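Take a look at the structure below.
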Amino acid sequence: MKKSLLPLIFLFSFGIVTAQETINFTFNHLALSVKNLDETATFYREVLGLQEITNKTKIEGIRWFSFGEGKELHLISILKEPVTINKAVHFALSTSDFDNFIKRLEMKHITYSDWPGIPNKINIRADGIKQIFFQDPNGYWIEINSVIQK
């Protein structure tokens with residue numbers, strides 16, 4: 001009896017070990033539920049400078065934008081359920097042109113803040129990275145970080 005259980009125990013143990021192996025992922029896209037598709041598309045094109053790309057779903061009410069390097073933003077206006085948003089729900093982008101981006105926001109009269117919410121204040125993290133937060137027309141929070149200059 002003990003000899004016949006030994007192979008089963010080995011196979012079971014091997015299955016557990018292989019189930020714990022790491023699976024590598026790469027980021028593909030971020031999808032946001034939006035109220036006004038055209039207004040939101042204009043915001044991401046004009047404020048963040050994102051390029052609109054082909055919506056491969058071909059479904060009306062969806063527009064796609066490129067972050068570059070195969071990463072995308074999908075704006076979806078076909079779902080009507082309300083979305084609850086707070087500052088902890090955000091996405092972050094980094095730029096080596098942080099100061100010029102701040103000027104762009106100011107020219108477009110878009111208020112930004114530090115993490116606590118002080119208007120037009122830049123947060124400086126302990127590692128020296130500058131960061132700001134602002135919202136798109138739907139209330140989604142966007143974080144912009146500087147890049148440490150080498």
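Is one or more of the residues making up the stretch 141-149 among the β-branched types (Val, Ile, Thr), more than 24 Å from Asn36 (Cβ to Cβ) and open to solvent by 30 Å² or more (accessible area, probe 1.4 Å)?
Here is the first cut: in the stretch 141-149, the ones among the β-branched types (Val, Ile, Thr) are 142, 144, 147-148.
Filter once more, so that each one left must be more than 24 Å from Asn36 (Cβ to Cβ): 147-148.
Then drop every residue that is not open to solvent by 30 Å² or more (accessible area, probe 1.4 Å), which leaves 147-148.
Looking for residues that are among the β-branched types (Val, Ile, Thr), more than 24 Å from Asn36 (Cβ to Cβ) and open to solvent by 30 Å² or more (accessible area, probe 1.4 Å), one finds at least one in the stretch 141-149, hence yes.
Restricting to the stretch 71-118, what's the tally of residues that are open to solvent by less than 80 Å² (accessible area, probe 1.4 Å), part of a strand (DSSP E or B) and among the polar types (S, T, N, Q)?
Residues in the stretch 71-118 being open to solvent by less than 80 Å² (accessible area, probe 1.4 Å), part of a strand (DSSP E or B) and among the polar types (S, T, N, Q): 2 in total.
Of the conditions (1) without any contact (Cβ under 8 Å) to a residue 12 or more places away in the chain; (2) open to solvent by 30 Å² or more (accessible area, probe 1.4 Å), Gly68 satisfies every one except a single condition; which number is it?
(2)
Quick check, is Glu46 touching a residue at least 12 places away in the same chain (Cβ under 8 Å), in contact with a strand residue (DSSP E or B) (Cβ under 6 Å, 6 or more places away or on another chain) and of a type in the set (D, E, K, R)? Give the steps one after another, and end with the answer.
Working: touching a residue at least 12 places away in the same chain (Cβ under 8 Å): yes; in contact with a strand residue (DSSP E or B) (Cβ under 6 Å, 6 or more places away or on another chain): no; of a type in the set (D, E, K, R): yes.
Against the criterion (touching a residue at least 12 places away in the same chain (Cβ under 8 Å), in contact with a strand residue (DSSP E or B) (Cβ under 6 Å, 6 or more places away or on another chain) and of a type in the set (D, E, K, R)), Glu46 does not qualify.
Looking only at the stretch 42-57, count every residue that is farther than 22 Å from Phe98 by Cα, in contact with a Lys or Arg (Cβ under 9 Å, 6 or more places away or on another chain) and not in a strand (DSSP E or B) and tell me the total.
The number of residues fulfilling the criteria is 1.
Within the stretch 72-89, is there a residue that is among the small types (Gly, Ala, Ser), within 24 Å of Asp38 (Cα to Cα) and touching a residue at least 12 places away in the same chain (Cβ under 8 Å)?
From the stretch 72-89, those among the small types (Gly, Ala, Ser) are 77, 88; that's our starting set.
Right, trim to within 24 Å of Asp38 (Cα to Cα) and you get 77.
When the remaining residues are screened for being touching a residue at least 12 places away in the same chain (Cβ under 8 Å), the result is 77.
Yes, the stretch 72-89 has at least one match.
The values are calculated or read from the model by the stated rules, or taken from the named source; none is laboratory data. Since the structure is predicted, the reported quantities are computational estimates derived from the model, not experimental observations. Counting neighbours? That spans all protein chains shown, and the Cβs are built from the backbone with ideal geometry, glycine included. Protein only, heavy atoms only, side chains kept; ligands, DNA and RNA dropped before computing areas. Shrake-Rupley method; radii C 1.70, N 1.55, O 1.52, S 1.80 Å.
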